[in-house]
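**Student:** Please see the structure below; I have some questions.
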Amino acid sequence: MSPVNNHIFDWKGPQGLPEFSNIEDDDYVHAFDEALKRHEKQVIDIANNPAPPDFENTIIALELSGDALSRVSALFWNRAGAHSNDVIQALERQMAPKISRHFSAIAMNKALFARVDALWQNRESLGLDSEALRVLERHWKGFVRTGALLDDGQQQRLAEISEELAGLGTQFSQNVLADEKAWSMGLSNEEDLAGLPEFLRDAMASAARERGLDAPYAVTLSRSIIEPFLTFSENRELREHAFTAWTSRGENGGDTDNAAHITRILALRAEKARQLGFETFAHFKLDDTMAKTPDAVNHLLMSVWDKALLRARREEDEIAALIAEEGKNHPVAPWDWRHYAEKLRSRKFDFSEAELKPYLQLDNIIAACFSVANQLFGLKATERADLEAYHPDVRIFEIRDSNDTLIGMFLGDYFARSSKRSGAWMSSLQNQHQLDGGQIPIIYNVMNFAKPPAGRPALLSIDDARTLFHEFGHALHGLLSKVRHPSVSGTSVSRDFVELPSQLFEHWLTVPDVLRQFALHHETGEVIPQDLLDKVLAARNFNAGFAAVEYTACALVDMACHTAEEIGDPLAFENETLKEIGMPDAIVMRHRTPHFLHVFSGDGYSAGYYSYMWSEVLDADAFSAFEETGDVFHEETADRLLRHIYSAGGSIDPEDTYRAFRGKMPDTAAMLKKKGLAGCQ
């Protein structure tokens, strides 16, 4: 057997970063084997410790165990999502069930659970502070939710279910990526390019070169290309062709079709929930969240759905009128909506996305994120162009506090490529904690913005800029963490609370002073004109019905999938669910079931896609706390936000920590106003 590459475990790069260039794809096989062995031994030693269980020799020992596994996993899953290849994908399929077996064995270790359970039953006498008690609770609930109270046969079946689900989730994700990589549409003549602005042509030219196509331009299924193409292309036939490919990922038949995987995933999740004593998988997932029950989730979603539907119907009527005005008689189809909505926005507010985009340079929006973080929390970001990451496009920044103390490292991976899965996300290579000498967080953001030609700036849409702010809000949640224990660090909070810091940070993008400072024309350096700024702000809730419908439909289908007794044909079930809620024919779910990565590539957001809206209720109210002071950078409010939201991690119950920040829990009024749905009835 080849020796283990210790660069995977011992990160000796500048500021504690991994030495990425010293790690080869083939190194991961042996590194995983070694890390799993080390963790297994650590767990057995804890379980078999002859000393009576106490917080230090059991919980702290568990908190510190598995460091080698955490490191190889962080490096590997980063590569699997952001820069994959055939070797990585093959290992991903191999390791997902193997890792599941490993953690199932830990969950079924009766001696280990006995120690944790003894501490939990006697928790009142242990003299633990609130964070330590929270950590103990998490460990105890973690064991119970993975079957510690079941008999041997039930535990074995649960382990089999978890292992199969891990493999299915990996295959689901790889199928979507395969469909995205396999499809492109080459464009050559001016008729095909009619209506496409220069920034989009530049991005499509780069995509064609990256894929080695003969055509000078390529439409791909990267959101940063497909959405502006659907918005600006005057060729309806090409729009339909591209839209159909985009919304059909994962349902094209053959090896990459996900229908059978979805059916099996849902059946296994339902069985798992029943094994653990829950009515449905949704009841199981929500038991450990703020929402608590499917009824509470559906009540929130339907309260928004009814208003969104009314607004979307009015928007559709306006689009239909514009189509008729152009002398055309076709109904509003999904591949028409973005195109004509942009024309309506241009008419109503006298500006277009193409007019705004030259003012939204990627570098400037990154700088705007750092500036807002500085004004709120005193952070300073310094780019380290001398450091090497896992891909040449990735940028590395030191993050320091107001005392110039290094508090974390941040990696930004901004451009789309065929080796990267679609979407945008935040994750970590290393989480903050203070045990055993402690460690600083190493956080990364991954985007899929269109890469411009060499020498040209990357220009963003307003939605792209909002995405960048959103993901950096997640990054701040990790970077600003200030807890003792790894298991409650950063974003280790309940699923329907985790989106609060990210969605809240989005609000500062459209603060007029921020835009005036950072929205500069990429050629002239001119500040965004006041009249254009006014139009942008006035148009914030334009097309709000469409946006709310395409999101809320996803959340409702997700909840329906995970409360149904049995689903034989997931596509038929999707159609029937949408029919029951009155989904307009002219709008499609933002993430259709066959490529709903949030829900089916793993169970992170399964029965949990609603959490974006749940957190939106919180974030709209939280930003109001600043607005009520008359200063969106109000120092005292920012200090409370830092202490109770961004740095607290999962060390405090989310409802308690929100009340500590705001003094109350919110209602939906501020959220409906923010979404432009207040008064829709």
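None of the figures in this text is laboratory data; all of them are computed from the coordinates on show. Because the structure is a prediction, the values reported are computed rather than measured. Cβ placement follows ideal geometry from the backbone for every residue including glycine, while neighbour counts extend to all protein chains displayed.
**Student:** Among Ile319, Ala333, Leu344, pick out the residue whose Cα is farthest towards the positive end of the charge dipole of the stretch 309-348, where Lys and Arg carry +1 and Asp and Glu carry -1 on C-beta, about the Cα centre.
**Tutor:** Of the listed residues, the answer is Leu344.
**Student:** A follow-up question, please. With the Cα gyration tensor of the stretch 189-245 in hand, convert its eigenvalues to equivalent ellipsoid semi-axes via √(5λ) and list them largest first in whole Å.
**Tutor:** Taking √(5λ) for each Cα gyration eigenvalue gives 16, 12, 11 Å.
**Student:** What angle, in degrees between 0 and 90 and rounded to the nearest 10, separates the Cα long axis of helix 236-247 from the longest principal axis of the Cα atoms of the chain?
**Tutor:** Rounded to the nearest ten degrees, it is 10.
**Student:** With a Förster radius of 45 Å, plug the Cβ-Cβ distance of Ala111 and Arg456 into 1/(1 + (r/R0)^6) and report the FRET value to the nearest 0.05.
**Tutor:** 0.15
**Student:** Quick check for me: using +1 on Lys/Arg Cβ and -1 on Asp/Glu Cβ, what's the dipole size of the chain about its Cα centre, in debye to the nearest 20?
**Tutor:** It comes to approximately 540 debye.
**Student:** Gain in length, Thr293 to Ala267, computed as 0.36 nm per residue apart minus the alpha-carbon separation, to one decimal in nm?
**Tutor:** Full extension from Thr293 to Ala267 adds 7.4 nm.
**Student:** For the stretch 339-373, run through the GluC sites (Glu not before Pro) and keep only the ones in DSSP coil with at most 10 other Cβ atoms within 10 Å of their Cβ.
**Tutor:** none
**Student:** Determine the gain in length on full extension of the stretch Leu310-Glu234; use 0.36 nm per residue of separation and subtract their C-alpha separation, reporting nm with one decimal.
**Tutor:** 24.5 nm
**Student:** Can you give the longest stretch of the chain with no exposed loop site, where a site means trypsin sites (Lys or Arg not before Pro) in a DSSP loop (not H, G, I, E or B) with at most 14 other C-beta atoms within 10 Å?
**Tutor:** Of all site-free stretches, the longest is 13-291.
**Student:** Just to confirm the number: angle between the C-alpha axis of helix 67-82 and the first principal axis of the chain, 0 to 90 degrees, nearest 10?
**Tutor:** So the inclination is approximately 20 degrees.
**Student:** I need the P(r) histogram for the chain: all alpha carbon pairs, bin width 10 Å from 0 out to the longest distance, whole percents.
**Tutor:** The calculated distribution, bin by bin, is 3, 14, 25, 29, 19, 7, 2, 0, 0.
**Student:** Then there is this: Taking Cα pairs under 8 Å and at least six residues apart, what relative contact order does the chain come out at, in percent?
**Tutor:** That works out to 16 percent.
**Student:** Enumerate the amide H contacts of Val483 below 5 Å, restricted to partners 5 or more residues apart or on another chain; note that Pro and chain-start residues carry no placed amide H.
**Tutor:** Sorted by chain and number, the residues that satisfy this come to none at all.
**Student:** Between Gln434 and Ala118, what FRET efficiency follows from the Cβ-Cβ distance if R0 is 30 Å, with the result rounded to 0.05?
**Tutor:** The pair Gln434/Ala118 has a calculated efficiency of 0.70.
**Student:** Just to confirm the filter: which GluC sites (Glu not before Pro) across the stretch 599-637 are DSSP coil and have at most 10 other Cβ within 10 angstrom of their Cβ?
**Tutor:** Glu628
**Student:** Compute the angle between helix 570-581 and the longest alpha-carbon principal axis of the chain, please, reported from 0 to 90 degrees and rounded to the nearest 10.
**Tutor:** Rounded to the nearest ten degrees, it is 60.
**Student:** While we're on this one: What FRET efficiency do you get for Arg157 and Glu190 if R0 is 60 Å and r is their Cβ-Cβ distance, rounded to the nearest 0.05?
**Tutor:** About 0.45, to the nearest 0.05.
**Student:** Same structure, new question: Along the stretch 496-503, what does the Karplus equation 6.51 cos²θ - 1.76 cosθ + 1.60 (θ = phi - 60°) give for ³J(HN,Hα), rounded to whole Hz, x for Gly and Pro?
**Tutor:** Using θ = phi - 60°, the values come out as 8, 10, 5, 7, 4, x, 6, 5 Hz.
**Student:** Quick check on the exposure proxy: order Cys680, Cys369, Cys554 from fewest to most C-beta atoms within 10 angstrom.
**Tutor:** Cys680, Cys554, Cys369
**Student:** Say a paramagnetic label sat at a point 7 Å from the Cα of Glu627, along Cα to Cβ; which residues of the stretch 470-505 have their backbone N under 18 Å from it?
**Tutor:** 500-505
**Student:** About its Cα centre, how strong a charge dipole does the stretch 169-234 have in debye, to the nearest 20, once Lys and Arg get +1 and Asp and Glu get -1 at the Cβ?
**Tutor:** Taking the Cα centre of the stretch 169-234 as origin, the dipole is about 320 debye.
**Student:** Okay, next question. Once you've got the Cα coordinates, tell me which of Lys181/Lys285; Lys37/Lys272; Lys348/Lys579; Lys292/Lys664; Lys307/Lys674 are over 21 Å apart.
**Tutor:** Lys181/Lys285; Lys37/Lys272; Lys348/Lys579
**Student:** Additional query: What does the charge count around Leu387 come to, taking other residues whose C-beta lies under 11 Å from its C-beta (Lys +1, Arg +1, Asp -1, Glu -1)?
**Tutor:** Within the 11 Å Cβ shell, the charges total -3.
**Student:** Put +1 on the Cβ of each Lys and Arg and -1 on the Cβ of each Asp and Glu in the stretch 284-409; which of Gly408, Val372, Trp305 then has its Cα farthest toward the positive end of the dipole?
**Tutor:** Ranked along the dipole, the leading option is Trp305.
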